[in-house]
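Just so you know, all these numbers are worked out from the coordinates, no wet-lab data involved. From a predicted model like this one, the values you see are computed outputs, not experimental measurements. Cβ coordinates were reconstructed from backbone atoms using ideal geometry, including for glycine residues, and neighbour counts include every protein chain displayed.
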Amino acid sequence: MFRFDFEDEGAGDSDDSSAADIDGGQEKTKFKWAEALEVHVDKEHFNTINGSINVNTFSCGINRIHHIQPNIKNVQDSDVLEAELRHSDLIPGKYEGGFKIWECTQDLANFMIKELSHVFHPGVRVLDLGCGAGILGVLALVHGCTVHFQDYNESVLNSLTIPNVLLNLSKDENDDKIARCRFFAGDWLSFLELTHRQNILYDIILTSETIYNPENYCKLHFVLKQKLKKTGAVYLAAKTCYFGVGGSLRLFENFVSEEGYFTCTHCWSSKEGVQREIVQLRFTTNPE
């Protein structure tokens, strides 16, 4: 079991579980979760986008988000290279699929533009949790929000997320928008430890395809509970069922319901292809 020694900084619940034992899978797995660290923008990131790169366009409504297509074989990260050799998108505790833009990212981006455009404006603080390419965070950023990007792998932030942010800024707005961004790598619980003394809370938390592993539900829920403002909202996009992995949206919703801190509201579901959904989480009025 994992114990936090800091006080609850989130919605203000007084329940002992807020700072009690959190089962993040540390006893169930033999690998070591990556320690969190903050990654800062430097000249190497600018060199990346000024060099020879393949740039693709991600479309959502009238918005066009530019993103690079990195050559994973050139990434200086043995865990990512191991995943590439295995032809695998995921190696638990080593690589969490950040170099791939997953289907539900498109769903949530479309939903943001169609249904939530009034929510994203200057003064709103957003967390793109499990950001990968950073598409969702970039969308919030260009609408004036302050955005913090979090991904498990530091190499994803350096080789993909930060270059993508820079690609979508004009030269005359670089300093302003970069100042409204922060980038964090590492495991979710370690991310909490790194940032809890700064008392950073978010109006909106965006997360896509992060519920595939049921062993991570406890710490994902804990991060949401600790980092969301009382009046804030989480928008979570996911496949209804992750075959072969064990996770499902119903399983996660049941977990959330049993914890009693959030009300989960269905927002959207796919009408064709693989079944996918978007749900909203808000704090209950009187959490038990």
Next item on the list: Report, by chain and number, residues whose modeled amide H sits under 5 Å from the one on V124, excluding near sequence neighbours (fewer than 5 apart, same chain).
Entry: T146
Notebook entry, point to check: Peptides 37-49, 208-220: what's the order by average Cβ count within 10 Å, highest mean first?
Noted result: 208-220, 37-49
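What is the fewest-to-most order of K177, K171 by other Cβ atoms lying within 10 Å of their Cβ? Walk me through the numbers on the way to the answer.
Numbers: K177 20, K171 6.
Result, fewest neighbours first: K171, K177.
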Next item on the list: Can you tell me the FRET efficiency between F46 and Q69 if r is taken as the Cβ-Cβ distance and R0 is 30 Å, rounded to the nearest 0.05?
Entry: 0.95
Next item on the list: Just list whichever of K43/K227; K100/K239; K114/K229; K177/K229 have alpha carbons separated by over 27 Å in the model shown.
Entry: K43/K227
Check: Once amide H atoms are built 1.01 Å from N in the peptide plane, which residues 5 or more positions from F184, or in another chain, come under 5 Å H to H?
Finding: V39, F149, Q150, D151
